[in-house]
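Below is one structure, written out as structure tokens, with a few remarks after it.
The values are calculated or read from the model by the stated rules, or taken from the named source; none is laboratory data. All figures in this text were calculated on a predicted structure; none of them were measured in a lab. Cβ atoms come from the backbone with ideal geometry, glycine included; neighbour counts cover every protein chain shown. Remember, those area values only see protein heavy atoms, side chains included, never the ligands or the DNA or RNA. Shrake-Rupley method; radii C 1.70, N 1.55, O 1.52, S 1.80 Å.
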Amino acid sequence: MSNAKPETLKYVPTTCPYCGVGCGLNLIVSDGKAVGVAPWQRSPINEGKLCPKGMTCWEFIHSPDRLTKPLIKKNGKFEEASWDEALDLVAKKFKEISDKNGPRSLGFQVSCRTPNEECYIMQKLARVGFKTNNVDNCARICHGPSVAGLSLSFGSGAATNPFEDVLNSDFILVWGSNAVEAHPLAGRRIAQAKLKGIPVMVVDPRYSPTAKLADTWIRFNPSTHIALINSMMYWIIKENLHDKEFIEKRTKGFEDLKKTVESYADVEKVTGVPTETVKDMARKYAAAKNAVIIYCLGITELTTGTDNVRSLGNLSMLCGNIGRPGVGVNPLRGQNNVQGACDMGAYPNVYSGYQKCELPEMRKKMEDAWGVTGLPDWYGSTLTEQITQCGDPIKAMYIFALNPAVSYPDSNHVKRSLEKLDFLVVQDIFFTETCEYADVVLPGASFAEKDGTFTSGERRINRVRKAVNPPGEAKEDWEIFVLLAKKLGLKGFDFKSPQEIWDDMRKVTPSMFGATNARIDKPGSVHWPCPTEEHPGTPILHKEKFASADGLGTFFGIEYRPPAEVADAEYPFTLMTGRLIFHYHTRTQTDRSKVLHYEVPENYVQINTEDAKKLGIKEDEHIKVRSRRGETTPLARITDDVAPGVLYMAMHFPNGANNLTNTALDPMSKMPELKHCAVAVEKITEAK
Ligand SMILES: Nc1nc2c(c(=O)[nH]1)N[C@H]1C(S)=C(S)[C@@H](COP(=O)(O)OP(=O)(O)OC[C@H]3O[C@@H](n4cnc5c(=O)[nH]c(N)nc54)[C@H](O)[C@@H]3O)O[C@H]1N2
Ligand SMILES: Nc1nc2c(c(=O)[nH]1)N[C@H]1C(S)=C(S)[C@@H](COP(=O)(O)OP(=O)(O)OC[C@H]3O[C@@H](n4cnc5c(=O)[nH]c(N)nc54)[C@H](O)[C@@H]3O)O[C@H]1N2
Ligand code: SF4
Ligand SMILES: [Mo]
């Protein structure tokens with residue numbers, strides 16, 4: 001906190017703008033400026049505690065680098081423009097391109113960082129204004145496989161239980177999640193559970209900080225989840241430890257699963273895990289009265305993402321671990337509002353509340369509510385498909401609070417694609433690497449400068465409150481969409497506040513109808529589904545029956561498949577990518593905090609001691625890492641936390657991990673394989 005005089009301080013309770021835990025905090029305001037953060041003791045989520053990112057989230061707000069005026073590119077150079085000029089140009093170009101080339105020629109990329117109200121209004125603008133379903137959000141490259149997989153298994157794509165519920169469990173299985181660094185205040189619940197004596201098992205190819213917290217750490221070969229889970233299930237069935245009553249009453253498809261897992265007794269060759277260890281994992285999970293699974297991107301960001309998620313669904317149902325306190329399958333949702341962006345219908349095939357665009361009765365309902373005709377029934381292009389389609393058929397794109405030039409796979413491909421567009425709008429709070437490719441850059445407002453809601457990973461709708469004004473001429477993002485809709489002559493966008501947008505959404509969304517503005521204004525708010533104003537909200541899903549049409553959970557027999565690109569003689573290392581506690585994604589915000597920048601100022605890669613020795617690589621020297629798609633030169637960090645042949649690099653740095661990653665997609669969710677590709681490592685010689 002800076003040294004402002006205490007008598008002028010105002011405390012504004014709001015929600016952390018970073019991860020999906022959704023911690024409550026107070027922004028401290030003095031003379032119209034955010035000057036610090038103070039704990040908000042009444043938040044039931046974090047009970048007054050915050051991680052380093054939450055504590056420092058006030059620092060970027062008044063950064064001199066903030067965008068303060070609209071920018072228009074003229075003759076290759078950006079020039080400041082008025083709002084009228086910039087929005088007239090956006091409206092004209094989008095209209096022209098859509099009139100000439102049709103609805104598939106536009107791409108709308110929606111953020112997961114911004115409030116629900118802004119996600120909702122952007123997808124409404126795309127659908128009403130341009131009759132396109134080319135609308136997607138960055139859950140696609142995050143927990144898209146969770147939405148797809150859990151919907152198939154349980155009928156709903158969301159986490160089943162709240163974070164603090166791990167304290168009611170008898171066994172905590174953490175799989176492909178580094179919660180201690182990526183969701184520290186959910187990680188705190190796991191640490192609390194451990195102190196209570198509840199056993200914690202972490203399954204991760206890397207000895208991550210979360211693995212270090214566990215009672216048991218299981219190392220396995222990267223991306224061999226399905227083989228390992230199938231083998232656990234083989235031994236659970238073989239030793240008759242499965243919950244027959246649950247299987248019979250509440251599920252279908254068990255025979256298919258049983259048949260599939262029969263060939264998975266011994267998976268050591270594939271997974272690297274000895275059979276005795278698998279048996280032990282199986283017994284521990286099955287013996288617990290209540291066992292919970294917590295997972296994250298180690299499961300989802302692979303071409304087998306949806307199948308990995310369904311495999312965890314299989315495991316939980318096999319032991320009856322669904323529908324009560326202390327059990328469940330919980331994806332730790334990533335961004336502050338990734339749950340919300342999906343809930344709001346920023347998706348190519350659903351409206352808010354996952355109401356399907358393909359169903360004529362749904363389209364009719366939305367057409368009546370929105371006062372339009374001809375809403376599209378087709379499945380739109382996903383986030384990374386839109387990138388591949390730049391030039392043909394996509395000619396114009398609107399990127400709202402995303403930084404694809406750094407965060408999407410194969411950065412060189414992303415940049416080449418963006419160059420093919422006739423017209424690109426980027427709406428951000430900073431001039432990002434992606435802005436370079438824009439024709440118009442629009443300055444939005446940060447979380448501290450507007451009202452609204454973020455929905456956390458436990459489906460809790462948390463309040464975001466305006467504490468300060470946006471800098472210069474920057475505008476609240478929802479307002480930018482209202483102004484643009486006016487320029488386009490659209491009806492149904494005459495909103496005066498985010499609360500009015502929320503009510504517009506509520507009216508058409510049965511699962512959220514009861515979550516009124518008044519209710520979500522209270523500490524603790526409400527968890528959707530919340531269909532009526534009297535409904536208490538739903539912290540735990542699938543209690544009596546699953547959310548599927550027939551009320552049953554579905555087992556799927558799933559065979560193991562290797563990743564799209566595996567190490568070979570030319571590219572002998574497996575690269576895993578992920579996060580560090582001190583940075584958030586492309587660092588636009590965290591790197592503008594002095595504290596966080598100081599902790600990790602430069603990119604590095606973890607390499608095993610033996611490998612470093614063989615290659616003559618020393619601690620903290622720059623090395624070259626190459627893949628079929630590009631290269632990067634991070635510092636080397638030598639450690640046994642990664643196995644020989646495996647590297648780990650954070651995704652935070654430009655021209656870093658994503659210069660190397662692969663665009664191959666999971667066929668079901670269209671998730672790119674961000675967590676696995678083959679690379680070569682070279683020492684950089686003196687002569688260079
Ligand atoms: N500090 C910080 N916190 C964040 C974010 C951030 O940028 N910074 N981002 C937020 C977002 S959007 C998300 S989605 C979450 C992500 O949260 P996490 O998924 O927990 O974070 P990651 O570090 O990406 O990956 C987790 C772990 O997956 C492991 N892993 C497990 N199995 C496999 C496998 O088979 N193959 C590979 N390659 N890796 C495996 C890696 O070793 C890594 O430790 O974090 C959120 N929180
Ligand atoms: N290799 C590899 N790549 C990955 C991952 C990985 O694990 N490995 N993880 C993937 C995952 S899970 C995710 S979620 C993505 C994240 O990818 P992105 O969402 O592209 O990353 P961010 O840096 O969070 O970008 C958000 C942008 O929004 C801006 N912004 C923030 N708040 C506001 C606001 O209120 N208004 C406006 N207008 N702008 C705002 C920020 O300045 C920033 O530029 O990255 C993915 N990429
Ligand atoms: S755990 Fe997540 S929500 Fe909580 S303070 Fe840290 S980044 Fe913010
Ligand atoms: Mo994410």
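Could you grab me the full set of residues in segment 573-588 that are more than 6 Å from ligand 1 (Cβ to nearest atom) and basic (Lys, Arg)? Once the filter is applied, which keeps residues that are more than 6 Å from ligand 1 (Cβ to nearest atom) and basic (Lys, Arg), segment 573-588 yields only 587. Considering segment 301-355, and only residues there that are open to solvent by 10 Å² or more (accessible area, probe 1.4 Å), within 16 Å of ligand 2 (Cβ to nearest atom) and hydroxyl-bearing (Ser, Thr, Tyr), the residue that is nearest to the chain's Cα centre (by Cα) turns out to be 347. Being assigned to a helix (DSSP H, G or I) and open to solvent by 10 Å² or more (accessible area, probe 1.4 Å) is a property that residue 151 has.
A quick yes/no check of all residues on (1) open to solvent by 10 Å² or more (accessible area, probe 1.4 Å); (2) part of a loop (DSSP other than H, G, I, E, B); (3) under 30 Å from residue 599 (Cα atoms); (4) in contact (Cβ under 8 Å) with a residue 24 or more places away in the chain:
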site	(1), (2), (3), (4)
17	no, yes, yes, yes
34	no, no, yes, yes
37	yes, no, yes, yes
44	yes, yes, yes, yes
57	no, yes, yes, yes
86	no, no, no, yes
92	yes, no, no, no
99	yes, no, no, no
104	yes, no, no, yes
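Considering 329, 372, the condition of being more than 30 Å from residue 166 (Cα to Cα), more than 16 Å from ligand 4 (Cβ to nearest atom) and of a type in the set (A, V, I, L, M) is satisfied by 372 alone.
Quick check on residue 236: is it away from ligand 2 (no atom under 16 Å from the Cβ), part of a helix (DSSP H, G or I) and surrounded by 19 or more Cβ atoms within 10 Å (Cβ to Cβ)? Yes. For the residues 393, 404, the requirement of being away from ligand 3 (no atom under 16 Å from the Cβ), on the phi < 0 side of the Ramachandran plot and buried (at least 19 other Cβ atoms within 10 Å of the Cβ) singles out 404. Closer than 30 Å to residue 252 by Cβ and either surrounded by fewer than 23 Cβ atoms within 10 Å (Cβ to Cβ) or over 21 Å from the mean Cα position of the chain (by Cα) (or both), is that true of residue 172? Yes, satisfied. Filtering segment 89-104 to residues that are farther than 14 Å from residue 348 by Cα and in contact with a helix residue (DSSP H, G or I) (Cβ under 8 Å, 6 or more places away or on another chain) leaves 90, 91, 94, 97, 98. Of the candidates 125, 106, 71, 87, the single residue that is within 15 Å of ligand 2 (Cβ to nearest atom) and closer than 24 Å to residue 356 by Cα is 125. For residue 209, state whether it is open to solvent by 10 Å² or more (accessible area, probe 1.4 Å), out of contact with any helix residue (DSSP H, G or I) (no Cβ under 7 Å at 6 or more places or on another chain), of a type outside the set (Val, Ile, Thr) and in contact (Cβ under 8 Å) with a residue 24 or more places away in the chain. Here the answer is no, as residue 209 does not meet what is asked.
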